[in-house]
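Participant: Just dropping this structure here.
The values are calculated or read from the model by the stated rules, or taken from the named source; none is laboratory data. Given the structure is predicted, the values throughout are model-derived calculations rather than measurements. Heads up, the Cβs are rebuilt from the backbone with ideal geometry, glycines too, and the neighbour counts pull from every protein chain shown.
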Amino acid sequence: MLEKIIDRSEMIRCALCMDAPCTKACSIMDPAGALRSIWFNNEKVAAAMMKENGLCAQCDARCEKACVRAGEVHIRNLMLKLENEVKPNLEIQAEDNEDALRTDLCGIPLENPFLLSSSVVASSYDMCARAFEAGWAGAAFKTICTLDIHEASPRFSAITGDNGTIIGFKNIEQLSDHSVKENMEIFRKLKKNYPHKFILASIMGTNEEEWKTLSALCQENGADAIELNFSCPNMMEEGLGSDIGQIPELVERFTAAAKSGVSIPVLAKLTPNVANMSEAAEAAYRGGADGIAAINTIKSIIGVNPHTYVSAPAVRGMSAVGGYSGNAVKPIALRFIAEMGQNPMLKNMHISGMGGIETWQDALEFILLGAGSVQVTTAVMQYGYRIIDDLKSGLHYYLKEKGFNSIQEVCGLGLDAISSTTDVLERDTVVYPSFHRDKCIGCGRCAISCADGGHQAIALNESRKPVLDGRKCVGCHLCILVCPEKAISSTRKRVRKNN
């Protein structure tokens, strides 16, 4: 496989515009689409889609002049990199046929594994319709309930990276503020106009009868499957939301109630606010669930204002513990997906994975650990439904490049290499770092980190280039992680320790 040549750092000032001026100014190609593909780790497809050769080198870079941050994004250079450095090394070409992405959820066909997760991004007919038109296979509609929902303002906050992109996202949003009747009308209209799209009806009841009744109503009005919200961190009343997911007995009881009212598949959406998810997942299985959806958001507090002493989002001088999502939670989500994927009791249950998915590679990681479908919210809130283009094309390109014919062939391939403890790891050899002095700028970050956070194995010579002391190096690879120029890599060769 071709190693990544271009990354986000080379287009860090790109605003990923709506109706991008750079594309409007270009008569040759779609630079905005190519830039977006680079952003979402999809440079190979971007390069493969370039039809003309040599034209970017000849033009006067009108795209850069039209850019909303003119002079800050070197668009032509990035297009030339795609053409001259990525495209010649492609092992396969991109295909319009995406049949390899076809899969199913509990036996019901999906045109691809990508669904909107239950949230504001799937909370009205218009929103779901636009997502379906864009290419999403389906949507878990925002949780339906009989409660009278009144949302706070503001209700979102975030932790951002150096360029302002969202790393972690907090919400104190609750459930659908439409009536049950209004939501049923939306289901009927969606199923009539988009019969091949998958409608996953998220519900939350207040007692067994309500779980049963809501499930039945959703089935009657066109839902393909039911998702039981046992995990919303913002419904804190006793017996609601994440309170249920923390009590296996309630998970089993309410799953059984919901299942008794329907013939379509039922998924239990579980909370990550537990030490282990298996107890609740096994309870859902005993209650008759056909699958598991995980993870929902993690209870969190983001930031405390040093002047007002209130955390965000602040609502008239008060805040609350809320749900944390975004790419920052992906490692936690993957841990729970692997736990369930390795649980023999859950072997035949569908796992719909979510938690921090932004790129096709993020989605692939969930699939490799056992998820048969994936759900996305926070990335859509930040970038829009349009990300489906790169999710689909990137995953499809990967499958073809690796010789796989379907999603099912890769599902769970990563499970055998995961252990719940570190006891199984080999500890008698070392993999040393390798320094690429042509890329090194002599900043000394590697030496600082090794001295203060490692094993004092790196020094700078008179030319400000790193020198490794192999007697001290333990192969921790901290230096690789902190290098701002990616001028350090792994040797990939194991050397026996000198004890």
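Participant: Could you look through segment 318-331, keep only residues that are assigned to a loop (DSSP other than H, G, I, E, B), in contact with a strand residue (DSSP E or B) (Cβ under 7 Å, 6 or more places away or on another chain) and not polar (S, T, N, Q), and pick out the one that is farthest from D243 (Cα to Cα)?
Facilitator: The selected residue is G326.
Participant: Answer yes or no as to whether L346 is surrounded by fewer than 19 Cβ atoms within 10 Å (Cβ to Cβ), over 25 Å from F156 (Cβ atoms), assigned by TED's automatic domain parsing to the domain that holds A268 and of a type in the set (A, V, I, L, M).
Facilitator: Here the answer is no, as L346 does not meet what is asked.
Participant: Would you confirm whether or not segment 24-32 contains a residue that is out of contact with any Cys (no Cβ under 6 Å at 6 or more places or on another chain), of a type in the set (V, I, T) and not in a loop (DSSP other than H, G, I, E, B)? Step through it out loud before you land on a result.
Facilitator: Step one: of segment 24-32, the residues out of contact with any Cys (no Cβ under 6 Å at 6 or more places or on another chain) are 24, 27-30.
Those left that are additionally of a type in the set (V, I, T): 28.
Filter once more, so that each one left must be not in a loop (DSSP other than H, G, I, E, B): none.
Looking for residues that are out of contact with any Cys (no Cβ under 6 Å at 6 or more places or on another chain), of a type in the set (V, I, T) and not in a loop (DSSP other than H, G, I, E, B), one finds none in segment 24-32, hence no.
Participant: Restricting attention to segment 246-262, report how many residues are of a type in the set (S, T, Y) and either outside any helix (DSSP H, G or I) or touching a Lys or Arg at 6+ places or on another chain (Cβ under 6 Å) (or both).
Facilitator: 1
Participant: When you check A447 against the structure, is it of a type in the set (A, V, I, L, M) and either under 32 Å from the mean Cα position of the chain (by Cα) or not in a strand (DSSP E or B) (or both), yes or no?
Facilitator: Taking the combined requirement at face value, the residue satisfies it.
Participant: Take the residues of segment 350-366 that are of a type in the set (V, I, T) and surrounded by 24 or more Cβ atoms within 10 Å (Cβ to Cβ): which is farthest from the chain's Cα centre (by Cα)? Give the steps one after another, and end with the answer.
Facilitator: The initial filter retains those residues of segment 350-366 that are of a type in the set (V, I, T), namely 351, 357, 359.
Then drop every residue that is not surrounded by 24 or more Cβ atoms within 10 Å (Cβ to Cβ), which leaves 351, 357.
On the way: I351: 15, I357: 0 Å.
Step by step, filter segment 350-366, then rank; the result is I351.
Participant: Name every residue in segment 314-329 that is in contact (Cβ under 8 Å) with a residue 12 or more places away in the chain, surrounded by fewer than 21 Cβ atoms within 10 Å (Cβ to Cβ) and of a type outside the set (G, A, S), in order of residue number.
Facilitator: Scanning segment 314-329 gives V315, V321.
Participant: Of the conditions (1) in the same structural domain as D224 (by TED's automatic domain parsing); (2) touching a residue at least 40 places away in the same chain (Cβ under 8 Å), K65 clears all except one; give me its number.
Facilitator: It is condition (1) that K65 fails.
Participant: Considering only residues that are outside any helix (DSSP H, G or I), of a type in the set (F, W, Y) and surrounded by 18 or more Cβ atoms within 10 Å (Cβ to Cβ), which ones fall in segment 367-418?
Facilitator: Of segment 367-418, the ones outside any helix (DSSP H, G or I) are 369-377, 384, 403-406, 410-414, 418.
Filter again for of a type in the set (F, W, Y), leaving 404.
Result: no residue meets the conditions.
Participant: Restricting to segment 91-110, give me the number of residues that are within 21 Å of D290 (Cβ to Cβ) and touching a helix residue (DSSP H, G or I) at 6+ places or on another chain (Cβ under 7 Å).
Facilitator: Within segment 91-110, residues that are within 21 Å of D290 (Cβ to Cβ) and touching a helix residue (DSSP H, G or I) at 6+ places or on another chain (Cβ under 7 Å) number 1.
Participant: Which one of the conditions (1) free of Cβ contacts under 8 Å to residues at least 24 places away in the same chain; (2) touching a helix residue (DSSP H, G or I) at 6+ places or on another chain (Cβ under 6 Å) does A47 fail to meet, given that it meets all the rest?
Facilitator: Only one criterion in (1) free of Cβ contacts under 8 Å to residues at least 24 places away in the same chain; (2) touching a helix residue (DSSP H, G or I) at 6+ places or on another chain (Cβ under 6 Å) is unmet by A47, namely (1).
Participant: Right, another one. Just to verify a result, which residue in segment 399-427, among those that are more than 23 Å from H350 (Cα to Cα) and at pLDDT 95 or above, is farthest from the chain's Cα centre (by Cα)?
Facilitator: First, pick out the residues of segment 399-427 that are more than 23 Å from H350 (Cα to Cα): 400-403, 421-427.
If we keep only those that are at pLDDT 95 or above as well, we get 400-403.
On the way: K400: 21, E401: 22, K402: 22, G403: 24 Å.
Restricting to residues being more than 23 Å from H350 (Cα to Cα) and at pLDDT 95 or above, the top hit is G403.
Participant: Hey, among M11, M49, M29, which residue is in contact with a Lys or Arg (Cβ under 8 Å, 6 or more places away or on another chain), surrounded by fewer than 24 Cβ atoms within 10 Å (Cβ to Cβ) and modelled with pLDDT under 95?
Facilitator: M29 is the lone residue from the list that is in contact with a Lys or Arg (Cβ under 8 Å, 6 or more places away or on another chain), surrounded by fewer than 24 Cβ atoms within 10 Å (Cβ to Cβ) and modelled with pLDDT under 95.
Participant: Among the candidates G222, G303, which residue alone is assigned by TED's automatic domain parsing to the domain that holds M127, surrounded by fewer than 21 Cβ atoms within 10 Å (Cβ to Cβ) and touching a Lys or Arg at 6+ places or on another chain (Cβ under 6 Å)?
Facilitator: G222
Participant: Select from segment 332-366 the residues that are among the acidic types (D, E) and either in a loop (DSSP other than H, G, I, E, B) or in contact with a His (Cβ under 8 Å, 6 or more places away or on another chain) (or both) and list them in ascending order.
Facilitator: E358
Participant: Out of all the residues in segment 253-267, which are over 15 Å from L200 (Cβ atoms), crowded, with 23+ Cβ neighbours inside 10 Å and hydrophobic (A, V, I, L, M, F, W, C)?
Facilitator: F254
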